[in-house]
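Below is one structure; the comments refer to it alone.
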Amino acid sequence: MATLIRSKLSNKLSNAATTVSNKSQAKVSGMFARMGFQAATNEEALGFVACDDLDYDHRQGMQMDILTTDEMGGEGSGEGGGGVDGDSHYQRDGTGPPRSASKDGDPASELTEVRPKITAWEAGWNVTNAIQGMFVLGLPYAILHGGYLGLFLIIFAAVVCCYTGKILIACLYEEDEDGQLVRVRDSYVDIANACCAPRFPSLGGHIVNVAQIIELVMTCILYVVVSGNLMYNSFPNMPISQKSWAIIATAALLPCAFLKNLKSVSKFSLLCTMAHFVINVLVIAYCLSRARDWAWDKVKFYIDVKKFPISIGIIVFSYTSQIFLPSLEGNMSKPSEFHCMMNWTHIAACILKGLFALVAYLTWADTTKEVITDNLPSTIRAVVNLFLVSKALLSYPLPFFAAVEVLEKSFFQDGGRAIFPDCYAGDGRLKSWGLSLRCLLVVFTLLMAIYVPHFALLMGLTGSLTGAGLCFLLPSLFHLRLLWRKLLWHQVFFDVAIFVIGGICSISGFIHSMEGLIEAFKYNIHE
């Protein structure tokens, strides 16, 4: 009798410990999912705001399933408890252990009953939004300094980014005892931490977060720069400088500091996408109307040694999407269709970008400007540029809010390890000094846009620094680190080649971009 009591008491204590552990794990998993996803949101993928909530609810629901199963089978035999071990991961083909049933009114049922997923077409639409954004307007300028080699790089970057996106997702999975792939990681940060474990278990995540913050802040700066540039070139006769237009644009963006979520912004996502599509069609239609005057002789097999490395960064930056792919794949109803989705989205992006860049360059040749819409006739330039400015201002809140969220969760809300006190009061209201920090971030993007008002240089720097790192270097390095024992020789060769080529492009582009930015900064300081 005493032995039976001790056994039951031991089981109860074990179940209680497991419950606490799983609740903690669910909380941390949700935090990483939200951090990794919000930081991952690239350029204008406003559709991913909803996906973030789905991803969070999905993982929370899975953890609650574990808790429910543990509670139901805690007093059973060892075999019954062991059958739950695989429930914390889901199979790559979208199938997995059946969900446990819950009683009506149980909080777990609310999380497990409604768990909507996205199809491959919806996932492809989100990826297309990310890699077909308004920054493609700088691609003709890349052809200006690279000729046919620039066109080749547009194709090459599409192939490499598609491949590195696939191997990054492969790093999320490991084989179980039955040889089936199960998802054991949730985000880019998790992959980075796994590569640096056990000596530095959080170093990789810090590196990825820093890269995310840099890319997001630079994206905000680019939106301010392009807004000032477009307004200045739309109304050249007005006595307002480009810097003044940038200040006006930033004044309109100050309310972003009060954002608590992106629900109010996400409703404009489809409008922004459609507006950009119309703008691209207008530009291509105008270029086709001047097809008789195309300067084919201007496209040559030569490169501008000083400016072509900047063009590499521009091209790479236009393809950056790896940072949010783990969350996207985790939200797909059929994860096995991820590879197919990556193939057709990048093929479509490659064709559209190549045609857009070539047609625009053939139309204006050596007079091609950093933002191609500035080459349009004054009669339609103002209208097109006003649409683009509206799109840029509506897109700014997304990377801004994502950067703020990463900063707050890294330095202000990381439990007992936070460096600074929480930005929010107990009732959820933003503290005054937290609001001041957000305003300072908006002002910082303005100052950078004022002193370095060069769209191509900033885009090239961002692509060379964080774009090449997150899309070329880190995925190939992580793939080799985590799965090198299972890789074939040609996969090892591809990973090493991508790492070397990406490193060379990143270093050369970064050096040349920094040289141009320093010169521009000195000029604006003296001015």
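The values are calculated or read from the model by the stated rules, or taken from the named source; none is laboratory data. Owing to the predicted nature of the structure, the values given are computational and were not obtained by experimental measurement. Here the Cβ is made from the backbone with ideal geometry for all residues, glycine too, and neighbour counts use every protein chain on show. With ligands, DNA and RNA removed, areas are computed over all heavy atoms of the protein, side chains included. Shrake-Rupley method; radii C 1.70, N 1.55, O 1.52, S 1.80 Å.
Within region 131-138, is there a residue that is open to solvent by 30 Å² or more (accessible area, probe 1.4 Å) and either assigned to a helix (DSSP H, G or I) or out of contact with any Leu (no Cβ under 7 Å at 6 or more places or on another chain) (or both)? Looking through region 131-138, none of the residues is open to solvent by 30 Å² or more (accessible area, probe 1.4 Å) and either assigned to a helix (DSSP H, G or I) or out of contact with any Leu (no Cβ under 7 Å at 6 or more places or on another chain) (or both). Residues considered: Phe444, Phe472. Of these, the only one that is modelled with pLDDT of 85 or more, of a type in the set (A, V, I, L, M, F, W, C) and either touching a Leu at 6+ places or on another chain (Cβ under 8 Å) or surrounded by fewer than 18 Cβ atoms within 10 Å (Cβ to Cβ) (or both) is Phe444.
So which residues in region 439-493 are without any contact (Cβ under 8 Å) to a residue 40 or more places away in the chain and β-branched (Val, Ile, Thr)? Scanning region 439-493 gives a single hit, Val492.
If you take the residues in region 358-392 that are among the polar types (S, T, N, Q) and at pLDDT below 90, which one is most open to solvent (accessible area, probe 1.4 Å)? My answer is Thr379.
Checked against the criteria, Thr320 counts as part of a loop (DSSP other than H, G, I, E, B), within 30 Å of Ser506 (Cβ to Cβ), among the β-branched types (Val, Ile, Thr) and at pLDDT 85 or above.
Could you go through region 175-191 and let me know if any residue there is in contact (Cβ under 8 Å) with a residue 24 or more places away in the chain, closer than 18 Å to Phe472 by Cα, in a helix (DSSP H, G or I) and aromatic (Phe, Trp, Tyr). For region 175-191, residues in contact (Cβ under 8 Å) with a residue 24 or more places away in the chain, closer than 18 Å to Phe472 by Cα, in a helix (DSSP H, G or I) and aromatic (Phe, Trp, Tyr): present. For region 219-237, does any single residue satisfy the condition of being farther than 17 Å from Ala382 by Cα and more than 25 Å from the chain's Cα centre (by Cα)? Within region 219-237 (the criterion being farther than 17 Å from Ala382 by Cα and more than 25 Å from the chain's Cα centre (by Cα)), the answer is no, since none of the residues qualifies.
Every residue in region 192-219 that is in a loop (DSSP other than H, G, I, E, B) and closer than 11 Å to Leu470 by Cα, please. Can you show your working first?
Kept after step one, since they are in a loop (DSSP other than H, G, I, E, B), are these residues of region 192-219: 197-202.
None; the set is empty.
Residues that are in a helix (DSSP H, G or I) and free of Cβ contacts under 8 Å to residues at least 24 places away in the same chain: does region 297-317 have at least one? Checked against the condition, which is being in a helix (DSSP H, G or I) and free of Cβ contacts under 8 Å to residues at least 24 places away in the same chain, region 297-317 yields at least one hit.
Among the conditions (1) modelled with pLDDT under 75; (2) farther than 24 Å from Ala158 by Cα; (3) of a type outside the set (D, E, K, R), Cys256 misses just one, which is (1).
Residues of region 211-233 that are over 16 Å from Leu137 (Cβ atoms) and among the small types (Gly, Ala, Ser): Ala211 alone.
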